[in-house]
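The values are calculated or read from the model by the stated rules, or taken from the named source; none is laboratory data. Just so it is clear, the model here is predicted, and its values are computed rather than measured. Glycine gets a Cβ as well: all are built from the backbone with ideal geometry, and neighbour counts include every protein chain shown. All accessible areas refer to the heavy atoms of the entire protein, side chains included, with ligands and DNA or RNA removed. Shrake-Rupley method; radii C 1.70, N 1.55, O 1.52, S 1.80 Å.
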Amino acid sequence: MSDLAALREPLLEEEVTQLRACLNDLVSTMALPALWAGGEPTRIVDTLLDALMSMLRLTVVFARVRDPDTGHFTDVMRIAAAVRGTSPAGAIESAVVASLGSARALSATRLPIADLEMSIASALLGLDGEIGTVVVASERGDFPVQTERLLLDVAVNQAAMGLQQAMLLMSQKRIAEELDARVARRTTELATAEDALRALHLEMSRAAQVATVGELAASIAHEVNQPLSGIITNAGTCLRMLGTESPNVEGARETARRTLRDGRRAADVIARLRALFGRKEFSVEPMDLNEATREVIALSGSDLRRNRVALQSQLDDDLPPVVADRIQLQQVILNLLRNASDAVAVVDDRPRRVLVRTECEGEDRVRVTIQDSGVGIDRERAERLFDAFYTTKSDGMGIGLSISRSIVHRHHGRIWASPNEDGSGSTFAFSIPCRPGAPEGPLPGAF
Ligand code: ADP
């Protein structure tokens with residue numbers, strides 16, 4: 001081995017050791033982003049300063065980081081324990097901050113910091129230092145050597161990327177929070193508007209009820225007035241016939257009979273009204289519409305037999321339960337069935353048929369249809385069918401369909417009538433959501 005070679009060998013060994021240490025540090029630096037993932041910018045800066053401090057064995061490390069939203073700077077500094085006791089941190093920080101203006105130029109510059117002479121190097125966070133600057137200082141005169149400069153640049157670059165990501169995440173989080181707050185505000189506004197609408201609806205339906213009550217009172221007065229005046233007239237006639245010297249007993253008996261008849265008529269009117277309005281409160285509960293329909297059919301048995309009606313029922317076995325006011329829906333079905341029976345009672349040229357059907361309408365509605373082979377409905381009539389007090393019957397009151405409609409509407413449903421396709425008779429039907437509040441379905445082929 002030559003002398004030169006003998007001299008170079010320990011040198012090479014030292015370089016290899018340095019390079020190995022640098023490689024180790026580089027590997028650790030590359031692992032830093034894994035620590036930072038999803039972290040706060042302050043945590044990233046803290047880790048960077050600690051890592052630089054120990055890898056480069058620094059005397060001072062300083063970072064100035066800019067908040068992208070507010071534009072404010074935050075300064076963070078670490079001072080080696082050995083120096084901390086001798087030089088005041090304030091003086092060190094002022095010297096470092098004063099050197100920041102020439103940050104780019106500051107590479108391997110020797111500067112007096114507090115009462116020490118230090119080698120200073122700096123690196124920019126971000127391409128143009130838009131995120132901030134890192135300044136490192138060492139008492140060593142040869143600081144930074146090439147490998148140290150490489151480590152500084154790699155570590156600061158990694159931190160810049162981490163900071164960019166963290167700031168992006170933070171602004172995304174802030175936007176999401178703002179959006180959440182706006183959604184919450186809108187939801188509250190909507191809820192308030194809905195409450196106001198509900199209150200208005202309630203007020204309107206109360207107003208409508210008052211109007212209906214007024215109309216009903218007029219109708220009841222009219223219905224009851226006729227038999228009452230009959231009773232008064234007949235009772236007067238009766239008294240007169242008995243009050244003469246030769247009382248007309250036979251005539252008085254006849255007028256007494258008429259009085260009785262009129263009295264019964266008045267009682268009938270009252271009984272029918274009671275049947276319709278006997279139960280006022282609206283109370284919904286899960287119910288079996290098929291069972292309710294069967295009960296109504298059974299109830300109408302004598303009426304149907306009297307009118308010699310052939311009743312057929314097709315009740316869908318798969319009908320889901322509905323949440324509704326059972327009694328009120330039965331009133332609707334009863335009314336439609338009675339009307340159908342009345343409508344077929346006047347036909348003699350064809351079979352008197354009534355078909356009652358229940359079925360699903362879409363996924364969340366049920367429909368009840370009552371089809372008859374009766375007198376049918378023409379366009380002129382159809383428009384008025386559901387009007388209160390529209391009747392074509394001598395003993396009708398014309399409020400059954402109007403009440404049926406308001407009951408169905410109260411269940412968020414629809415009721416309609418249409419002439420049968422074969423030209424004789426008509427079909428009345430209503431559909432309601434299975435649960436209150438389900439969307440309304442289309443109105444099939446109604447007038
Ligand atoms: P009312 O039965 O007391 O007349 P409604 O309101 O129940 O009162 O019916 C109003 C009118 O609608 C009836 O008078 C009749 O003219 C007509 N109508 C109802 N149902 C039928 C039907 N199935 N066929 C033909 N017309 C009907």
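Restricting the search to segment 390-419, which residues are part of a loop (DSSP other than H, G, I, E, B) and charged (D, E, K, R)? Before you say what the answer is, go through the steps one by one.
Narrowing segment 390-419 to residues part of a loop (DSSP other than H, G, I, E, B): 390-399, 411-413.
Answer for segment 390-419, where residues must be part of a loop (DSSP other than H, G, I, E, B) and charged (D, E, K, R): Lys393, Asp395.
Give the number of residues within segment 109-138 that are open to solvent by 40 Å² or more (accessible area, probe 1.4 Å) and either within 60 Å of the chain's Cα centre (by Cα) or of a type in the set (D, E, K, R) (or both).
The number of residues fulfilling the criteria is 7.
So, of the residues in segment 337-358 that are open to solvent by 50 Å² or more (accessible area, probe 1.4 Å) and within 45 Å of the chain's Cα centre (by Cα), which turns out to be farthest from the ligand (Cβ to nearest atom)? Outline the logic, then answer.
We begin by selecting, within segment 337-358, every residue open to solvent by 50 Å² or more (accessible area, probe 1.4 Å); these are 338, 342, 346, 348-351, 353, 357.
From what is left, the residues that are within 45 Å of the chain's Cα centre (by Cα) are 338, 357.
Details: Arg338: 7, Arg357: 14 Å.
For segment 337-358, the residue satisfying everything is Arg357.
Could you give every pair whose Cβ atoms fall below 9 Å, whose first residue belongs to segment 80-99 and is among the hydroxyl-bearing types (Ser, Thr, Tyr), and whose second residue is open to solvent by 70 Å² or more (accessible area, probe 1.4 Å), counting only separations of at least 6 or pairs across chains?
If the second residue must be open to solvent by 70 Å² or more (accessible area, probe 1.4 Å), the pairs left are Thr86/Asp115; Ser87/Asp115.
For residues that are within 19 Å of Ser406 (Cα to Cα) and in contact with a Gly (Cβ under 8 Å, 6 or more places away or on another chain), scanning just segment 417-436, find the one that is nearest to the ligand (Cβ to nearest atom).
Ser418
Residues are listed down the side, and each one gets a yes or a no for (1) among the hydrophobic types (A, V, I, L, M, F, W, C); (2) surrounded by fewer than 20 Cβ atoms within 10 Å (Cβ to Cβ); (3) in contact (Cβ under 8 Å) with a residue 12 or more places away in the chain:
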{"residue": "Gly400", "(1), (2), (3)": "no, no, yes"}
{"residue": "Ile407", "(1), (2), (3)": "yes, no, yes"}
{"residue": "His412", "(1), (2), (3)": "no, yes, yes"}
{"residue": "Ser418", "(1), (2), (3)": "no, yes, yes"}
{"residue": "Asp422", "(1), (2), (3)": "no, yes, no"}
{"residue": "Ser426", "(1), (2), (3)": "no, no, yes"}
{"residue": "Ser431", "(1), (2), (3)": "no, no, yes"}
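If you go through segment 312-335 one residue at a time, how many are buried (at least 20 other Cβ atoms within 10 Å of the Cβ) and at pLDDT 95 or above?
Of the residues in that region, 1 qualify.
Could you tell me which residue of segment 390-416 is farthest from the ligand (Cβ to nearest atom), considering only residues that are farther than 15 Å from Leu329 by Cα and of a type in the set (D, E, K, R)?
The extreme case among them is Asp395.
Just to be sure before I move on: is Gly301 more than 37 Å from the chain's Cα centre (by Cα), without any contact (Cβ under 8 Å) to a residue 60 or more places away in the chain, open to solvent by less than 50 Å² (accessible area, probe 1.4 Å) and away from the ligand (no atom under 13 Å from the Cβ) in the structure I sent?
Details: more than 37 Å from the chain's Cα centre (by Cα): yes; without any contact (Cβ under 8 Å) to a residue 60 or more places away in the chain: yes; open to solvent by less than 50 Å² (accessible area, probe 1.4 Å): yes; away from the ligand (no atom under 13 Å from the Cβ): yes.
Yes; evaluated as a whole, the condition is true for this residue.
What tally of residues in segment 359-389 results from selecting those that are in a loop (DSSP other than H, G, I, E, B), more than 12 Å from the ligand (Cβ to nearest atom) and open to solvent by less than 50 Å² (accessible area, probe 1.4 Å)? Full working, then the answer.
Step one: list which residues in segment 359-389 are in a loop (DSSP other than H, G, I, E, B), which gives 362-364, 373-378, 383-389.
So of that shortlist, the ones also more than 12 Å from the ligand (Cβ to nearest atom) come out as 362-364.
After this cut, where a residue has to be open to solvent by less than 50 Å² (accessible area, probe 1.4 Å) as well, the list is 364.
Of the residues in segment 359-389, 1 are in a loop (DSSP other than H, G, I, E, B), more than 12 Å from the ligand (Cβ to nearest atom) and open to solvent by less than 50 Å² (accessible area, probe 1.4 Å).
Pick from Asp195, Asp180, Asp153: which is in a helix (DSSP H, G or I) and modelled with pLDDT under 90? Outline the logic, then answer.
Values: Asp180 fails: modelled with pLDDT under 90; Asp153 fails: modelled with pLDDT under 90.
One residue alone meets the criteria, Asp195.
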